[in-house]
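The values are calculated or read from the model by the stated rules, or taken from the named source; none is laboratory data. Since we're looking at a predicted model, the values are computed, not measured. A quick note on method: Cβ atoms are made from the backbone with ideal geometry, for glycine too, and the neighbour counts reach across all protein chains shown.
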Amino acid sequence: MSYDFVNELRWRGMIHDIMPETEELMNSEIVSGYIGFDPTADSLHIGSMVQIILLMHLQRAGHRPIALVGGATGMIGDPSGKSAERNLLTQEILDKNIAGVKSVISRFIDFEGGKEENRALLVNNYDWMKDFTLIDFARDVGKHITVNYMMAKESVKKRVSGEGDGMSFTEFTYQLFQGYDFVHLYKELNCKLQIGGSDQWGNITTGTELVRRMTGGKAYALTTPLVTKADGTKFGKTETGNIWLDTDKTSVYKFFQFWFNATDEDAINWIKIFTFLDEKACNDLIEEHSKDPGFRILQKKLAEEVTVMVHGLEAYETAEEASKILFSKKVSMDQWNRFDKETLLDIFEGVPQAHVSKADLEQGIEIIPFLTDSTSFLSSNSEARRALKENSLAINKEKFEDDKIVRMEDVIAGSMILLQRGKKNYFLVLVD
RNA sequence: GGGGAGAUACUCAAGCGGCCAACGAGGGCGGACUGUAACUCCGCUGACUACGUCUUCGCAGGUUCGAAUCCUGCUCUCCCCA
């Protein structure tokens, strides 16, 4: 083993529940461990990043990570943590989602290089579930678990006892499906460990139980705590939506900003969870940060490490540079014109855009129609007037008078005008 | 099946004939402060050809000089008894 997997997770605060003897097992042999990914969307957001990082830790620690895409279980719907019955996804959407999830995961884990014994594997439970007949399933799997046992699970109890609309047989069966995955992987790939979020504990233990009853073997489990934010709001969500790991859903700039804006308290936890910096490096950073929190050493490092890991060094540098420009007090025309169109477009990727014709600009456009009719930056004249009154608007990061007329001289880099409302709302007007 | 309560802006929630574009809270946005933060403070939060006008209070009609407020019908939601 290159490092003590369990111990590593422990100091990082990434262990919520662990089955007895798991640590001993991990330290005595190369273990195959699996984590399941739900194909409920066609990409993964940062909520799934903890799971991905766990796979990476497994691999780095010298074990073998198995990423399981839930092609079959995705058709059933996991009731864990859900208060109401879920809608089923269509086969078409599922296929698309599975492909998307696969491609994201393979960016992070090595499925090809390295030593044979800890090369990662990607499996889809649809492959072994699709030909399983109901009769076989009932005889081979169902017989081993009592309904009493299944009913005792938190995810089931909540739905059966409380109010609400109850729970369909479909969702009730879910834990057997997931449990059987574990049996299958145990038999076929000698996979002895399942990892997941703390909400998965119930499903996972059904799996270890099935392994014991169906094979007589012993399987292990480990769950991670839910990543939290100090203010109690949900991790990974912003007002504008989820933070995704795909650039066409969340631009690198936004991604970078998400981490950069972490609160002090969150940054202390997240630096351990989301980076691979070792214990000493983390503690040093935390200590240094506490001396002068205003420098935000932790946030900077966190944003750098995670952005580089997910999007690469170059993309990180662009995002970082963009942030510097966007948050500097003022940018002179000279500075603006040092950028070419492509660089600026890259920096402002993800910022909403509109087009305005050169001819109109040569005529000059009054500010209110410019903000509404010409660009749709603001939705009504009332809103434009309000914004003017608030003195919240800026063109190319510069405030202006209410009777401003937008002309060609406001165009930067020969091709665009940068509009801004407040500090963080940008809008790009392309001139053509 | 019988009885009752209610539907108001992004959400919760007042208003129960004119003073209502509609109290208040939350959220959102903006400003000051700051660390691109938290806290705090302040302002804005239907639209328009803008000291005025128009459209909004479940839907459709009606009473009235005048309705979110009263009447009638419809739709939906919730509660209680069986």
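Among the helices (runs of 4 or more DSSP H) confined wholly to the range A:312-380, which include 1 or more residues that are more than 15 Å from RNA strand B (Cβ to nearest atom), within 20 Å of A:GLU398 (Cβ to Cβ) and touching a residue at least 60 places away in the same chain (Cβ under 8 Å)?
A:333-337, A:341-347, A:358-363
If I filter the range A:381-401 down to residues being among the acidic types (Asp, Glu) and more than 9 Å from RNA strand B (Cβ to nearest atom), which single residue comes out as nearest to the chain's Cα centre (by Cα)? Lay out the reasoning, then the answer.
Initially, the range A:381-401 is screened for residues among the acidic types (Asp, Glu), giving A:383, A:390, A:398, A:401.
Among the residues that remain, those that are also more than 9 Å from RNA strand B (Cβ to nearest atom) are: A:398, A:401.
Working: A:GLU398: 35, A:GLU401: 42 Å.
Among those that are among the acidic types (Asp, Glu) and more than 9 Å from RNA strand B (Cβ to nearest atom), it is A:GLU398.
Every residue in the range A:118-135 that is among the polar types (S, T, N, Q) and either surrounded by 12 or more Cβ atoms within 10 Å (Cβ to Cβ) or within 18 Å of A:GLY100 (Cβ to Cβ) (or both), please. Steps first, answer last, please.
Kept after step one, since they are among the polar types (S, T, N, Q), are these residues of the range A:118-135: A:118, A:124-125, A:133.
A:ASN118, A:ASN124, A:ASN125, listed by residue number.
Going through the range A:184-210 one residue at a time, which ones are assigned to a helix (DSSP H, G or I), polar (S, T, N, Q) and under 15 Å from A:PHE37 (Cα atoms)?
A:SER198, A:GLN200, A:ASN203, listed by residue number.
Return the pair list, or none, for Cβ contacts closer than 7 Å from residues in the range A:5-18 that are more than 19 Å from A:ILE30 (Cβ to Cβ) to residues that are of a type outside the set (Val, Ile, Thr) and outside any helix (DSSP H, G or I), at least 6 apart or on different chains.
So the pair list comes out as A:ILE15/A:LEU222; A:HIS16/A:PRO225.
Examine the range A:223-238 for a residue that is within 16 Å of RNA strand B (Cβ to nearest atom) and surrounded by 19 or more Cβ atoms within 10 Å (Cβ to Cβ), and state whether such a residue exists.
Step one: of the range A:223-238, the residues within 16 Å of RNA strand B (Cβ to nearest atom) are A:228-238.
If we keep only those that are surrounded by 19 or more Cβ atoms within 10 Å (Cβ to Cβ) too, we end up with none.
No - not one qualifying residue is present in the range A:223-238.
It is to be established whether one or more residues within the range A:237-245 are touching a strand residue (DSSP E or B) at 6+ places or on another chain (Cβ under 9 Å) and in a loop (DSSP other than H, G, I, E, B).
yes
Just give me the residues in the range A:270-290 being out of contact with any helix residue (DSSP H, G or I) (no Cβ under 9 Å at 6 or more places or on another chain) and farther than 18 Å from A:ASN7 by Cβ, in sequence order.
The answer is A:ASP284, A:GLU287.
Taking A:GLY202 as the residue in question, decide whether it is of a type in the set (Gly, Ala, Ser), closer than 18 Å to A:ASN148 by Cα, in the same structural domain as A:SER48 (by TED's automatic domain parsing) and crowded, with 16+ Cβ neighbours inside 10 Å. Full working, then the answer.
Details: of a type in the set (Gly, Ala, Ser): yes; closer than 18 Å to A:ASN148 by Cα: yes; in the same structural domain as A:SER48 (by TED's automatic domain parsing): yes; crowded, with 16+ Cβ neighbours inside 10 Å: yes.
Yes.
Since A:GLY414 meets every condition but one in (1) within 16 Å of RNA strand B (Cβ to nearest atom); (2) surrounded by fewer than 14 Cβ atoms within 10 Å (Cβ to Cβ); (3) outside any helix (DSSP H, G or I), which condition does it not meet?
All conditions pass for A:GLY414, except number (1).
Assigned to a strand (DSSP E or B), more than 16 Å from RNA strand B (Cβ to nearest atom) and closer than 19 Å to A:ALA41 by Cβ - does that describe any residue in the range A:247-262? Outline the logic, then answer.
Taking the range A:247-262 first, the residues assigned to a strand (DSSP E or B) are none.
So far as the range A:247-262 goes, no, none of its residues is assigned to a strand (DSSP E or B), more than 16 Å from RNA strand B (Cβ to nearest atom) and closer than 19 Å to A:ALA41 by Cβ.
Yes or no, residue by residue, for (1) without any contact (Cβ under 8 Å) to a residue 60 or more places away in the chain; (2) surrounded by fewer than 20 Cβ atoms within 10 Å (Cβ to Cβ); (3) of a type in the set (S, T, N, Q); (4) within 11 Å of RNA strand B (Cβ to nearest atom):
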{"residue": "A:GLU279", "(1), (2), (3), (4)": "no, yes, no, no"}
{"residue": "A:ASP284", "(1), (2), (3), (4)": "yes, yes, no, no"}
{"residue": "A:GLU287", "(1), (2), (3), (4)": "yes, yes, no, no"}
{"residue": "A:PRO293", "(1), (2), (3), (4)": "yes, yes, no, yes"}
{"residue": "A:GLU305", "(1), (2), (3), (4)": "yes, yes, no, no"}
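For a quick check of your reading: which helices (runs of 4 or more DSSP H) sit entirely within the range A:43-140 and have at least 1 residues that are closer than 28 Å to A:ILE30 by Cα and not basic (Lys, Arg)?
Numbers: elements: A:49-60, A:73-76, A:91-105, A:126-129, A:134-140.
In the range A:43-140, A:49-60, A:73-76, A:91-105, A:126-129 are the helices (runs of 4 or more DSSP H) which contain 1 or more residues that are closer than 28 Å to A:ILE30 by Cα and not basic (Lys, Arg).
In this structure, does A:ASN125 turn out to be closer than 29 Å to A:GLN91 by Cβ and of a type in the set (S, T, N, Q)?
On the way: closer than 29 Å to A:GLN91 by Cβ: yes; of a type in the set (S, T, N, Q): yes.
Taking the combined requirement at face value, the residue satisfies it.
Looking at A:LYS404, A:LYS358, A:LYS399, A:LYS424, can you tell me which residue is touching a strand residue (DSSP E or B) at 6+ places or on another chain (Cβ under 9 Å), within 20 Å of A:LEU345 (Cα to Cα) and not aliphatic (A, V, I, L, M)? Break it down stepwise before answering.
Values: A:LYS404 fails: within 20 Å of A:LEU345 (Cα to Cα); A:LYS399 fails: within 20 Å of A:LEU345 (Cα to Cα); A:LYS424 fails: touching a strand residue (DSSP E or B) at 6+ places or on another chain (Cβ under 9 Å).
Being touching a strand residue (DSSP E or B) at 6+ places or on another chain (Cβ under 9 Å), within 20 Å of A:LEU345 (Cα to Cα) and not aliphatic (A, V, I, L, M) holds for just one of A:LYS404, A:LYS358, A:LYS399, A:LYS424, which is A:LYS358.
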